[in-house]
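The values are calculated or read from the model by the stated rules, or taken from the named source; none is laboratory data. The model shown is predicted, which means the values in this text are computed figures rather than measured ones. A quick note on method: Cβ atoms are made from the backbone with ideal geometry, for glycine too, and the neighbour counts reach across all protein chains shown. Areas reflect the complete protein model, heavy atoms only, side chains present, ligands, DNA and RNA absent. Shrake-Rupley method; radii C 1.70, N 1.55, O 1.52, S 1.80 Å.
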Amino acid sequence: QVQLVESGGGLVQPGGSLILSCSASGDIFSISAMGWYRQAPGKQREFLAFITNVGNSKYADSVKGRFTISRDNTTSTSFLQIDSLKPEDTAVYSCNALTVATIHSPPSDHWGQGTQVTVSS
């Protein structure tokens with residue numbers, strides 16, 4: 001079993017910044033990629049960014065320049081820094097990880113429960 005736990009969400013004023021964390025634990029031999037998504041009320045889940053185990057990253061066009069993804073392979077943790085927060089960034093932010101349990105195992109996809117980010121004055 002693999003567990004992903006997000007943290008760092010909360011109520012933030014417009015223009016503020018936030019750093020979300022996603023910690024992975026459990027039967028993990030390696031994590032090939034970690035990603036972040038969000039889902040606002042009444043909307044579909046939206047891809048934000050992912051980062052590979054060697055640090056290559058990709059962002060959705062809608063968040064380039066304001067969102068920064070990073071990871072610490074020693075602690076199996078990914079981070080999502082969000083700058084210049086806007087009310088439309090209000091959503092549940094969830095992390096995703098593609099993990100391998102052993103050197104011979106196929107990759108498997110895992111999701112965290114999500115953390116609420118509310119941007120409001």
I'd like to check which strands (runs of 3 or more DSSP E) are fully inside region 1-109 and have at least 2 residues that are among the β-branched types (Val, Ile, Thr). 2-7, 46-52, 67-72, 77-82, 91-100
Region 79-113, residues that are in contact with a Ser or Thr (Cβ under 7 Å, 6 or more places away or on another chain), small (Gly, Ala, Ser) and crowded, with 20+ Cβ neighbours inside 10 Å: Gly112
Pairs where the first residue, in region 1-20, is open to solvent by less than 70 Å² (accessible area, probe 1.4 Å) and the second is of a type in the set (Phe, Trp, Tyr) and assigned to a strand (DSSP E or B), C-beta under 7 Å, 6+ apart: Leu4/Trp111; Glu6/Tyr93; Gly9/Tyr93; Leu20/Phe79; Leu20/Tyr93
Looking only at region 51-58, decide whether some residue is loosely packed, with under 14 Cβ neighbours inside 10 Å and touching a Leu at 6+ places or on another chain (Cβ under 9 Å). no
